Each structure stands twice: as C-alpha cells, then as structure tokens.
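So the structure is just underneath, and the comments pick up after that.
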C-alpha cells in the first residue's frame, strides 16, 4: 500500500512539474509573439526596447483575458483579399485549419519515421557492408536538401510524367485527403526519414556491439528475440528522440510545403499571413495551438521513455 502511494505521489509530482512547464512555455509563446509584432511596428516609430516590452506585456495580458472570455474577434487572414476579405471568427478558423496541418504533418512524420527505422535497422545489421555507407550518404543528402528545391523537383517530375504518359500520379496543387496528400507528404517526410535512419543506424550499431548482445546470442536466444527484446529496446530512446526532433524539422518546413502545394486553409500558411499583416490575435492563437501540440507530444514521449527504461522511473 505504501509503495502504491509512493508511486502515485511520484506520478503527481511529475505531472505537476510538466503542467507548470507547459503553462510557462505557452505564456512565453504569447509574450514573444506580441513582442515580435510590437517590435516590427516600433522600429518604424523608433520606440525603445523598454517601451516595446511594456506594450507587448499589455497586449499579451489583454489577449489572455479575451481568450478566457471567448472574445478573440474576427480575422481576414484566410482571405487573399487581405482586409477586404470576409471576416471570420478566429477560434473557428483556427479549429478548421489545425487538422489540415496536423494531419499532413503526422502522416509525413509517421511515414518518414517508419521507413527511416526500417532502413537504419537494416543498415545497422549490414553495418560492415557497402549498404551502411550508402544509407549514411543518402541520409546526409536528405537532411541537406532544401525543402523548396525538393517540392519544385517533385512538381516538375509529376508534370513531366503526366505529359509523357497521360497518367497523373498526384495533383501538384490543392488540398485533399486523397492523392493530393502524396507530394506534400513526401517533401515533409524527407528530412525525418533521413534523420531517423541515421540515428537508428548509429544507436542500433552501438547496441549490437555490446557484450549483453553477444551473451544473449551465446545463450541460444532466437535472433528475432535478441533484436526485439534487447537491441531495439535499448536503442528505442534514441530513436524516439530522433522522431521528436523530426517533428520540429517538419514543422519548420510546413509553411513552405503548404505554400508550394496550395494546401488551402492550413495553419502554417494562415500563420504566415497573420504575421505579415500584423494580426496579433490570429498569429498568437495559431502559435498556441501548435505549441500546445508539441508540449503534449513531449509529455507523452517522457512517459514512454519511463515505460521503456525502468532506470528513468526513479
């Protein structure tokens, strides 16, 4: 009974610390967004840094108050006509844009991570062959290739293939949860695939050289059990961390992908429009939603780390 109470109190302390960190991070997102927008305007009127910091704090507190009272108002960032477009409620627009961006992002990261783990795992098992060198080179190329270049290349390749065969592999422009998803997901998946495969190769290669792997093989365990129960389990934290970092890679690429492929109504493009037009409420709301998503993902990863590695539970 005492042990259960100890575990429960540890879980409560862990969640309380994480919740406090999430709230602090979200508060910083609100303030820094407003400070950036105030600084952009303040540079034109030669305002001092303390003046801009004070204005940003006042705008931030007003935003939080309006958010809690459901008074965010309307915005025109979804319209190409700018301020002449039809105003829409900020909350309604953000809730409509969020699934479009997150769906594309999660599909791309999932595909890139799965292929990356498989490719890195096979390369680690064949680490003394030429395959390992090829995988390492491709991973460096994937991380280094600019996203806009890959987007344009895939668009031109799809158009050229259609001109020669009259077969449309995938549309090069527009939103849709069908084959419209193919090209933007491939561009978003490129860096996660390259990064996860490289980290998987490094982590798994290191684990496979450890004494406990040789001991498990000497005991006559099946190779599948050695890989699943010992090798991948010990490399899992590095691989999961790589997936989390890949999410950040993909998030930074998301505005480019949504713009190049015409992913209408996506949160990333709306965020760029809001920042360009100085719409603080719309920009802050979209950034808060994206920030909260990654805070929750990090919280889940922390819990998963402790599930995988018993040493972290203390």
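Only the coordinates and a few stated rules stand behind these numbers; no lab work does. Because the structure is a prediction, the values reported are computed rather than measured. FYI the Cβ positions are ideal-geometry reconstructions off the backbone, even for glycines, and counts take in every protein chain you see.
Relative to the current alpha-carbon distance between residue 47 and residue 9, full extension at 0.36 nm per residue lengthens the span by 8.7 nm.
Computed extension gain for residue 143 through residue 57, at 0.36 nm per residue and net of the alpha carbon distance, reaches 27.2 nm. Would you work out if the stretch 90-214 is rounded, prolate or oblate? Take a ≥ b ≥ c from the square roots of the eigenvalues of the alpha-carbon gyration tensor; rounded if a/c is under 1.5, else prolate when a/b is larger than b/c, oblate otherwise. Oblate, because a/c is 1.5 or more while a/b does not exceed b/c. Per-residue ellipticity at 222 nm, computed for the chain from helices alone with -39500 (n - 2.57) per DSSP H run of at least four residues, works out to -26500 deg cm²/dmol. Hydrodynamic estimate: the Kirkwood radius of the stretch 7-126 over Cα pairs, inserted into Stokes-Einstein at 10 °C and 1.306 mPa s, corresponds to D of 85 µm²/s.
Each peptide in 246-253, 160-167, 188-195 gets a packing score, the mean of other Cβ atoms within 10 Å over its residues, and the list from highest to lowest is 188-195, 246-253, 160-167.
Going from the residue with the fewest nearby Cβ atoms within 10 Å to the one with the most, 33, 241 rank 241, 33. Across the stretch 132-185, the volume of the C-alpha convex hull divided among the residues equals 107 Å³ per residue.
Sorting the segments 256-267, 49-60 by their residues' average number of neighbouring beta-carbon atoms within 10 angstrom, most packed first, yields 256-267, 49-60. The modelled label-to-label distance for the pair residue 71/residue 136, using points 7 Å beyond Cα in the direction of Cβ, is 6.2 nm.
Look at where the Cα atoms of the stretch 27-63 and of the stretch 254-314 average out, and the two centres are 22 Å apart. Residues in the stretch 255-282, backbone N under 20 Å from the label point at residue 161 (7 Å along the Cα-to-beta-carbon vector): list them, ranges by number please. It comes to 257-258, 260-263, nothing else. Taking a ≥ b ≥ c as the square roots of the eigenvalues of the Cα gyration tensor of the stretch 143-295, is the shape rounded (a/c under 1.5), prolate (a/b larger than b/c) or oblate? Cα axes put the stretch 143-295 in the oblate bin. Using C-alpha pairs below 8 Å separated by at least 6 residues, the relative contact order for the chain is 24 percent. Extending 7 Å from Cα along the Cβ direction at residue 300 and again at residue 182 yields two label points whose distance is 2.8 nm. Among 102, 28, the order by Cβ neighbours within 10 angstrom, fewest to most, reads 28, 102. Average 1/r across all pairs of distinct alpha carbons in the chain, invert it, and you get the Kirkwood radius: 22.6 Å.
Shape analysis of the stretch 18-78 places it in the oblate category; the axes a ≥ b ≥ c from the Cα gyration tensor give an a/c of at least 1.5, with a/b not above b/c.
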